[in-house]
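Everything on this sheet refers to the single structure shown next.
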Amino acid sequence: MYRFTLLCLLTLLIIPIAHAKIYKCEKNGNVYYTSKASAECHEKKIKTKQPAGASEQLDAIRAKNKAFEERRHQRLEKQKKQAQEAASNKQKQQNCERAKRNLAGFQDLSNRYVTDDQGNRQAITDEQRQEKIKKNQKAIKEFCK
């Protein structure tokens, strides 16, 4: 058990070194290796090889990440579309209710006045009232489906 634990620890220590940049330095006739370049010696970068099968594993991981991002993008687009549809339906419902209230008000024969944009009451003729009734009936057909 002790040997297995020691082997695992050594493996964990070696893995970062295997992927680090390694330099061969010569100083005073002695050769040593380091991961940091220094001004005291002439460095020679040593290229390390990738472990066998690493590129296939990286390609598989990239493909999975790409598929994940596509699914995430599709889900976000679907949520955005649903939110827009909900807002549109809410607006249509409000327009429908407003058109029904307006129609009821214009069909009431005692209501012969309308309020303009400045808040002033103005009398309307029967022809204008009939136009308003037709306009609100059309709006009801459009918004109250």
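A short reminder: the numbers here are calculations on the coordinates, not readings from a lab. Please read all numbers here as calculations on a predicted model, not as lab measurements. Cβ placement follows ideal geometry from the backbone for every residue including glycine, while neighbour counts extend to all protein chains displayed.
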> Which ³J(HN,Hα) values in Hz, rounded to whole numbers, follow from the phi angles of region 84-98 under the Karplus curve 6.51 cos²θ - 1.76 cosθ + 1.60, where θ = phi - 60° and Gly and Pro get x?
Replying inline: 5, 5, 5, 5, 5, 5, 5, 5, 4, 5, 5, 5, 4, 5, 5
>> Set the bar at 31 Å for Cα to Cα. Now go through 64/90; 80/141; 81/134; 81/138 and name every pair that lies beyond it.
In response: 64/90; 81/134
> Calculated FRET efficiency, residue 65 and residue 86, Cβ-Cβ r, R0 41 Å, to nearest 0.05?
Replying inline: 0.85
> Once the Cβ-Cβ distance between residue 79 and residue 55 is put in as r, and R0 is 41 Å, what FRET efficiency do you end up with, to the nearest 0.05?
Replying inline: 0.70
